[in-house]
Amino acid sequence: MQKSKFLPRGRKDRTVVMVDIRETKSAKAADHFLQVRPGKDFELLTIMRAMIKDQEISEAEVAATGVSMEVLRDLIDQMKKAKFGVMFFGMGLSMTRGKHMNAAALLTFAAEMNAFTKFVAMPMRGHGNVTGADVIMRWQTGYPFGISLNRGYPRYNPGEFSTVDVLVRGDTDCAFIIGADPGATMPKPAIDHLAKVPTIVLDPHVTHTSRLSRVHITTAPAGIAAPGTGYRMDEVPMPLKPALNSPYPSDEEVVRRIKEAIAEKPDWMTNQPQMIESQV
Amino acid sequence: MLRITGGTVYDPANGIDGEVKDLYIADGRFSSKFETGRTIDATGLVIMPGGVDVHTHVAGGSINFARAMTPEDHRRTQAFIRSKTRRSGLGGMAPTTFATGYLYAGMGWTTVNEAAVPVLSARHTHEELRDIPIVDKSSLVLMANNEIILDLLEEGEDERAKHILAWHIWAAKSYGVKAVNPGGVASWKYGNDAKHLTSKIDGYDHVTPGTIITKFAKMIDELGIPHPLHLHCNNLGAPGNVETTLETMRHLEGSRAHFAHLQYHAYGGDDWGNMRSEAAQLADYFNAHPNMTTDAGAVLFGDTVTITADGPWQHLLYKLTGRKWGNLDVENETGCGIVPYTYRPSNLVNAVQWAVGLELLLLINDPWRVFLSTDHPNGACFWRYPEIIQLLMCSDYRNECMANLPPNIKNKISLPEIDREYTLYEIATITSAGPSRALGLPQKGDLGIGKDADLVIYHQDHDIARMFGHPRYVFKGGEIVIEEGDIRETPDGREYLVQPSYDPEIDKFLRPLFEDRYCMSFENYPVEMERIERSQIQDCVTLGGEGE
C-alpha cells in the first residue's frame, strides 16, 4: 500500500475496519471485523450517529444490530482519533433493505464525523467504467442515470426511467446494450421484454444478453485492444492504452457509424420549440 | 464576407465610444474591406465586442459534482430541446455543458475562462470543455496547495519549483495558474485551515500562505504566463477578512496579480452580527496599485449552488446552513466543497454581500481593472449578468432594490452614498475589453482589424436587463450564432493553452517523487495534446519592459 509523508509505513499506519453480514475474504485483510445482522445497516448507522454525539442509546437497540455496545464505543473512539477517515460502501448497503435510506444514513454519518476529524465517504463502484458513464451523463444531461430523453430534453426519475423499470413495464420497442449483461442479472419480466423487442448488443464476448438479442456486434475490449478513458471510482480519469490489436472495431466506432446512419433518416421530432422556460 | 452597417459601436480597446461605424468581417475576423456578401443593417442598434468571462466554473469535477447534487433544480429549470443538429440540455444553477454554451452565447458572451482545474482531473475538464459549444475557452490549474511544490518551497528550492510549476501548467494543458486559499486547502486534509498569511500549514515549518503567494506571483511573472497569478485569497467569506486581503495585496507589490471574486474578501467586523462592508477601504488601496486586476464575484439574491476548492470554508457553510454538503479531496493537489445556497435580501449577511459586490464595481475607478463576474455559480449564475449590468447603470433601480434590505444594514454598507452610473462604454470595458487584456488574449474584446469577429448587437432599451438579456444578434468568429433569441449555429470553440519553457531534465527529478506519492503512473498524468480539440497555444510574454 502507498507510503506517504504522513503515513511513512504504508499499510501499517492505516487501520481497516470491515463491516459485513458475513466474514468474507476481505474481512481477513482488515484489522477489525464487525458482523452486522442482515437488514440492520440503517439501525447500526443511526445508532453510531447518535453515539458520536453522546446521545443515549439502549442496550437492547444496540444488541438488535448484532454488534455489542463495547465494540461500538471502541470503534467510535478510534474513528474520532483518526486523522483522515474514509467510509467505503457498496451494493450490500444500497441494494438491501432500506436501499437509498442506508446510503443517506452513511453519507450523513460521514458529514457529521467532520465535527471531530476529517471524514469522507465514497461508493465502491462495480466492474468496468460505471463511474465514467455516470460522470459523462451528468455533464451532458445533469443526471447520473435513470434518464429519459423522450421529450427531447433530459428528465430523471430512478424507479421510473431506470433500465430495469423501463424493461419490466415493457415501455421500449428497442434495446441497445453496451458493456453490460442485463440478461444475466435482471428479473425475468425484464429479460422477457429484451427477447421480445429488437435488442442490439455490443460486447467483446457473447453474453447471456447476446443470446436473446436480434443483433450481437463483437467489439474490441476497451483498455486491452481499444483506446479510451476509464474513470476511477474517485472520478479521476485514466487514459486506456491498448496493448493488443483487435480485428474488431471499438464500441466508439460502432456507435458513431450507427449514429451516422440514423442521421440519414427523417427527424421524428419536428416543430418543437428550441427551449421551454420552465418545466414546472 | 459580411458587413454590419449603421450600428452605434462601443469598442474600448480602440477608444471608440458610441460612434456610428460600419464593420466588415471576412474569414472569422474583422476586415478593412468588403466586396460582396450579406449586409446587416444595425441602424439604431448598439454594438459591443463579445463578452469575456475571466472567472467562472463551467467544467470539471467540482461543477459536475454540483450537478449530481442538485437534480431538484434541473427538474424545474429551463430545458433546451434537441434538434437534428443541436444537443439538448438544462439551464439552472449548474447548467449542463451544451446548455452552458447556449446560455453564454445567448447573452452575448463568447469567451469563458474555467478558473479551477486540478491536474489530476484536467483530462476530465478538457472533455467537458469540448462539450461546451460556441464559446472559446481557457482553464487555470490549481497549484498553490500542491504537495510537491510546497515541499520545494519549504526547502528553499525556488528555481526548481518554478520549473515544476511550468511542467504542471503544460501537463494540465492549462492557460494559467489559480491559487486557492494557499496553504489552507493543504491543511484541510487534516481538518484545519490557514486563515492568515502567517498561519502554520500542516506538515510545514517554514512555508506560510504569505510565502506561497509571493513566490507564486514571482514564478508566474518570470515564466511570462500571459495571465497573472489568479488568486483566491485566504480567509474567504469571514467577517474581518479585509485585513487578510490587504495584507495579501501588500505581499504582491512589484508583481502582477488577479484577485478573484474580491466581494468575498472585503468584510469588516468580527462576527456575523456586526459584519460590514470594507469595499471602500479595499477599493482605495486597489485604485492606488496598478499591478492588480480583479473580478467582482458579485452576489444576486436567489438560489444557487456554491462550489470552491476552499474545502474548509464549505464545511463551515454546511454547518451554518444545514443543507447538503459535498466534499472532494484531490490527492496531493487540492480539494473541493459544494453546498447549495440561497441568498436572501432579508438576511443581513447576504444583504451586505450583495452591496459589497456592487460597491467594488462602482468604487474601483478604472474599468480596465475590475471585471463583471459572479464567480459562477457561487454568487449567482452567470446567466444573470444582465441584472448586474442594470444595477450598475441605473442608480434609481439600485435605490429601489436597497429598499428591500433589512433596516439594520444602515452604516454597514456605503452603496447608498454612491451615485455613479456605468456608461455603455464602461460596460463594454468590464465585460469584454478589460478581461481580454487581463487574460492576455489580444484577439478578443476588440473590434479592430484582424481581431476575432466576436460581437454582440443589442436593441437600445430603457430596460437594461432586458437589453443585455436578449441580444438582437450574436456573432462568434464571424458567424451568426444567436438571432432574436434563437440559436442559429453551434460551432465548436477553441481552447487556449500556454506552453511555458522548463528544463526538460525536470522529468527525472519529478518522476521518483511522483511515483512515491501518487496512485497513477507518471506517464498517465499529463493530458495528451491530441485530447484537446481546436487548441491554440498563446505565446508567453516578457515582463518588466515598457507598458508594464
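Overview of values
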| item | result |
| --- | --- |
| Unique match (being assigned to a strand (DSSP E or B), small (Gly, Ala, Ser) and surrounded by 15 or more Cβ atoms within 10 Å (Cβ to Cβ)) among B:GLY92, B:GLY6 | B:GLY6 |
| B:LEU316 vs. criteria in a helix (DSSP H, G or I), within 14 Å of chain A (Cβ to nearest Cβ) and out of contact with any strand residue (DSSP E or B) (no Cβ under 7 Å at 6 or more places or on another chain) | yes |
| Residue in region A:8-20 that is within 14 Å of chain B (Cβ to nearest Cβ) and among the small types (Gly, Ala, Ser) present | yes |
| Residue count, region B:254-305 (criterion: among the basic types (Lys, Arg) and either in a loop (DSSP other than H, G, I, E, B) or closer than 20 Å to B:PRO182 by Cα (or both)) | 1 |
| Residues that are in contact with a helix residue (DSSP H, G or I) (Cβ under 9 Å, 6 or more places away or on another chain), in a loop (DSSP other than H, G, I, E, B), within 13 Å of chain A (Cβ to nearest Cβ) and not basic (Lys, Arg), drawn from region B:167-200 | B:ALA172, B:GLY191, B:ASN192, B:ASP193 |
| Search result, residues across region B:130-174 that are farther than 22 Å from B:VAL54 by Cβ, among the polar types (S, T, N, Q) and modelled with pLDDT of 95 or more | none |
| Condition check for A:ALA190: part of a helix (DSSP H, G or I), assigned by TED's automatic domain parsing to the domain that holds A:ASP251 and at pLDDT 95 or above | yes |
| Unmet criterion (only one of (1) at pLDDT below 95; (2) surrounded by 15 or more Cβ atoms within 10 Å (Cβ to Cβ)) for A:TYR153 | (1) |
| Region B:243-262, residues that are over 19 Å from B:GLY335 (Cβ atoms), touching a Gly at 6+ places or on another chain (Cβ under 7 Å) and either of a type in the set (Asp, Glu) or surrounded by 24 or more Cβ atoms within 10 Å (Cβ to Cβ) (or both) | B:LEU262 |
| Matching residues in region B:402-454 - criterion: being part of a helix (DSSP H, G or I), crowded, with 20+ Cβ neighbours inside 10 Å and over 23 Å from the mean Cα position of the chain (by Cα) | B:LEU415 |
| Filter result (within 14 Å of chain B (Cβ to nearest Cβ), surrounded by 13 or more Cβ atoms within 10 Å (Cβ to Cβ), assigned to a helix (DSSP H, G or I) and without any contact (Cβ under 8 Å) to a residue 40 or more places away in the chain) within region A:61-88 | A:LYS80 |
| Count - residues of region B:61-76 that are within 7 Å of chain A (Cβ to nearest Cβ) and not in a helix (DSSP H, G or I) | 2 |
| Members of region B:129-150 that are assigned to a loop (DSSP other than H, G, I, E, B) and either among the hydrophobic types (A, V, I, L, M, F, W, C) or in contact with a Cys (Cβ under 8 Å, 6 or more places away or on another chain) (or both) | B:ILE132, B:ILE134, B:VAL135, B:MET143, B:ALA144 |
| Residues of region A:1-21 satisfying the condition of being in the same structural domain as A:ILE76 (by TED's automatic domain parsing), touching a helix residue (DSSP H, G or I) at 6+ places or on another chain (Cβ under 9 Å) and not hydrophobic (A, V, I, L, M, F, W, C) | A:THR15, A:ASP20 |
| Selected residue (criterion: modelled with the highest pLDDT) from residues of region B:514-532 that are surrounded by fewer than 16 Cβ atoms within 10 Å (Cβ to Cβ) and more than 23 Å from B:HIS126 (Cβ to Cβ) | B:GLU515 |
| Filter result (surrounded by 16 or more Cβ atoms within 10 Å (Cβ to Cβ) and assigned to a strand (DSSP E or B)) within region A:204-229 | A:HIS216, A:ILE217, A:THR218, A:ALA222, A:ALA226, A:GLY228, A:THR229 |
| Positions within region A:257-280 being more than 7 Å from chain B (Cβ to nearest Cβ), of a type outside the set (S, T, N, Q) and either more than 12 Å from A:LEU202 (Cβ to Cβ) or surrounded by 13 or more Cβ atoms within 10 Å (Cβ to Cβ) (or both), in sequence order | A:ILE258, A:LYS259, A:GLU260, A:ALA261, A:ILE262, A:ALA263, A:GLU264, A:LYS265, A:PRO266, A:TRP268, A:MET269 |
| Failed criterion for B:GLU505 (all others in (1) surrounded by fewer than 16 Cβ atoms within 10 Å (Cβ to Cβ); (2) closer than 19 Å to B:ARG29 by Cα hold) | (2) |
| Given (1) within 14 Å of another protein chain (Cβ to nearest Cβ); (2) surrounded by fewer than 16 Cβ atoms within 10 Å (Cβ to Cβ); (3) of a type in the set (Val, Ile, Thr), number of the condition B:VAL58 does not satisfy | (2) |
| Qualifying residues in region A:233-256 (those that are assigned to a loop (DSSP other than H, G, I, E, B), in contact with a helix residue (DSSP H, G or I) (Cβ under 7 Å, 6 or more places away or on another chain) and within 10 Å of chain B (Cβ to nearest Cβ)) - the one nearest to A:PHE176 (Cα to Cα) | A:GLU235 |
| Residues of region B:348-396 classified as assigned to a helix (DSSP H, G or I) and either buried (at least 20 other Cβ atoms within 10 Å of the Cβ) or in contact (Cβ under 8 Å) with a residue 60 or more places away in the chain (or both), total | 27 |
| Residue ID - modelled with the highest pLDDT, chosen from residues in region B:319-334 that are part of a strand (DSSP E or B) and within 11 Å of another protein chain (Cβ to nearest Cβ) | B:GLY326 |
| Residues (more than 8 Å from chain B (Cβ to nearest Cβ), farther than 16 Å from A:ILE178 by Cβ and not in a loop (DSSP other than H, G, I, E, B)) located in region A:127-152 | A:SER148 |
| B:ASP516, sole failed condition from (1) among the acidic types (Asp, Glu); (2) within 27 Å of B:THR39 (Cβ to Cβ); (3) within 14 Å of another protein chain (Cβ to nearest Cβ) | (2) |
| So B:GLU222, is it surrounded by fewer than 19 Cβ atoms within 10 Å (Cβ to Cβ), in contact with a helix residue (DSSP H, G or I) (Cβ under 8 Å, 6 or more places away or on another chain) and assigned to a helix (DSSP H, G or I) | yes |
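Listed here are the residues, each with its yes/no results for (1) away from chain A (no Cβ under 13 Å); (2) in contact with a strand residue (DSSP E or B) (Cβ under 6 Å, 6 or more places away or on another chain); (3) crowded, with 24+ Cβ neighbours inside 10 Å; (4) over 15 Å from B:ILE506 (Cβ atoms).
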{"position": "B:GLU128", "(1), (2), (3), (4)": "no, no, yes, yes"}
{"position": "B:PRO133", "(1), (2), (3), (4)": "no, no, yes, yes"}
{"position": "B:ASN145", "(1), (2), (3), (4)": "yes, yes, yes, yes"}
{"position": "B:GLY156", "(1), (2), (3), (4)": "yes, no, no, yes"}
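For every residue, the table says whether it meets (1) at pLDDT 95 or above; (2) assigned to a loop (DSSP other than H, G, I, E, B).
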{"residue": "A:MET18", "(1), (2)": "yes, no"}
{"residue": "A:LYS28", "(1), (2)": "no, no"}
{"residue": "A:PRO38", "(1), (2)": "yes, yes"}
{"residue": "A:GLU43", "(1), (2)": "yes, no"}
{"residue": "A:ILE47", "(1), (2)": "yes, no"}
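The values are calculated or read from the model by the stated rules, or taken from the named source; none is laboratory data. The shown structure was predicted, so the numbers you read here are calculated from the model rather than taken from an experiment. Note that each Cβ is placed from the backbone with ideal geometry, even for glycine, and that neighbours are counted across all protein chains shown.
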